[in-house]
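Colleague: Quick one: the structure is below, questions incoming.
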Amino acid sequence: MNVGRMLAEKKKNDSIIRNIDDGLIYVDADFRVAGINPAAASIFGVDPAGAEGRHVLEIIRNEDLFERMKSVAGQSPAKDRPDQEQVLTFDHGDSREHYHYSIVPVRVDPGTNAGVLLILRDITRLRELDMLKSRFVMTASHELRTPISGALMSIDVLVEQATSRLTDKENELLGAARQELHRLRALVNDLLELSRIESGKIELAFERTNIGALIAHTAELMRNQAEARDIDLSHTFGETIPAVKADPG
């Protein structure tokens, strides 16, 4: 009865693992594949039955990932890495798939290494949505620049030619509108810059930059937001700070 119960439990566990959408590879202490589900086998393009017993490097064919597995198993120094770097990318013809992976140690007894478990989660759709978002932001920002520039030119003409015919209150409103349009244009430029950074197409314009002036300018940009939240914003910097080679934008 105990054997039958154990076999039934094993079949249930095997069924659960087979039907999990995430890829799972269990590697023993000798780094041989002791278990692999169909999702993981499909990702690496291997037959599940033929993969078991083989060295994991023959399956994953990725030295960096193998080193990471050894590190988790305790056979090499652990190295922390940003979460965004724990991604595997596979090219299949015209399509590209992205998988976020995590590696967890398997311990049967305290202090005893029984292997590691490699878990792969498909994030291809998330990556595609992220790319679409970046493209939308870039396109929308480009489209917004034209009407903003046109409105700003119109206000500049009014400021130059109609100031004397307007009341103090009207001039104040016109100046506020002009200032807000300048802020809106700067925001659109920031969005474009962010899109370029995300796409890896950012080009830095290095020049000799006065750090003190840059700090003062940045503080001034944030002053209205600080005052709106009752925050006292101040800044200090040494007069002997040398200029640096940087992109002030």
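The values are calculated or read from the model by the stated rules, or taken from the named source; none is laboratory data. As the structure is a computational prediction, the values presented were derived from the model and not from experiment. Here the Cβ positions follow ideal geometry from the backbone for every residue, glycine too, while neighbour counts run over all protein chains shown. All accessible areas refer to the heavy atoms of the entire protein, side chains included, with ligands and DNA or RNA removed. Shrake-Rupley method; radii C 1.70, N 1.55, O 1.52, S 1.80 Å.
Colleague: Let me know the shape class of the range 179-249, please: from the alpha-carbon gyration tensor, a ≥ b ≥ c as square roots of the eigenvalues, rounded when a/c is under 1.5, otherwise prolate if a/b is greater than b/c, or oblate.
Modeller: oblate
Colleague: Counting only other residues whose beta carbon sits under 9 Å from that of residue 114, what net charge do I get with K and R as +1, D and E as -1?
Modeller: -1
Colleague: Roughly how many nanometres apart are two label points built 7 Å out from the Cα toward the Cβ at residue 203 and residue 58?
Modeller: 5.1
Colleague: Kirkwood Rh over alpha-carbon pairs of the range 51-199, then Stokes-Einstein at 25 °C and 0.890 mPa s: what D in µm² s⁻¹, rounded to an integer?
Modeller: 118
Colleague: So what are the radius of gyration and Dmax for the Cα set of the chain, in Å?
Modeller: Reported Rg and Dmax, both Å: 29.5, 100.
Colleague: Further, regarding this structure: Assign one of three labels to the range 127-223, namely rounded, prolate or oblate, based on the Cα gyration tensor with a ≥ b ≥ c the square roots of its eigenvalues; rounded applies when a/c is under 1.5, prolate when it is not and a/b is larger than b/c, and oblate otherwise.
Modeller: oblate
Colleague: Can you tell me the FRET efficiency between residue 162 and residue 186 if r is taken as the Cβ-Cβ distance and R0 is 25 Å, rounded to the nearest 0.05?
Modeller: Numbers: r = 25 Å, r/R0 = 1.00.
After rounding to 0.05, the efficiency reads 0.50.
Colleague: For the chain, what is the calculated [θ] at 222 nm in deg cm²/dmol (nearest 500), taking -39500 (n - 2.57) for each run of four or more DSSP H residues and dividing by its residue count?
Modeller: Result for the chain, helices only: -18000 deg cm²/dmol.
Colleague: What is the local net charge at residue 228, summed over the other residues whose Cβ is closer than 15 Å to its Cβ (Lys, Arg +1; Asp, Glu -1)?
Modeller: Charge balance near residue 228 sits at -2.
Colleague: With a 1.4 Å probe and every protein chain left in place, work out the accessible area per residue of the range 170-217 in Å², rounded to a whole number.
Modeller: On a per-residue basis, 72 Å².
Colleague: Which one of 231, 48, 184 has its Cα pushed farthest toward the positive end of the charge dipole of the chain, where Lys and Arg give +1 and Asp and Glu give -1 at the Cβ?
Modeller: 48
Colleague: What does the net charge come to around residue 152 if you take all other residues with beta carbon closer than 9 Å to its beta carbon, with K and R at +1 and D and E at -1?
Modeller: Charge balance in the 9 Å sphere: +1.
Colleague: May I ask you to list the aspartates and glutamates whose Cα is less than 16 Å away from that of residue 133, ignoring any residue fewer than eight positions away on the same chain?
Modeller: Hits, sequence-local ones excluded: 143, 190, 193, 198.
Colleague: Given a Förster distance of 35 Å, report the FRET efficiency between residue 11 and residue 97 from their Cβ-Cβ distance, rounded to the nearest 0.05.
Modeller: So the FRET efficiency works out to roughly 0.70.
Colleague: Test of understanding: what is the full-extension gain from residue 241 to residue 71, defined as 0.36 nm times their sequence separation minus their Cα-Cα distance?
Modeller: Taking 0.36 nm per residue and subtracting the Cα distance, the gain is 56.8 nm.
Colleague: Got a number for carbon plus sulfur as a percent of the chain's accessible area, 1.4 Å probe?
Modeller: 55
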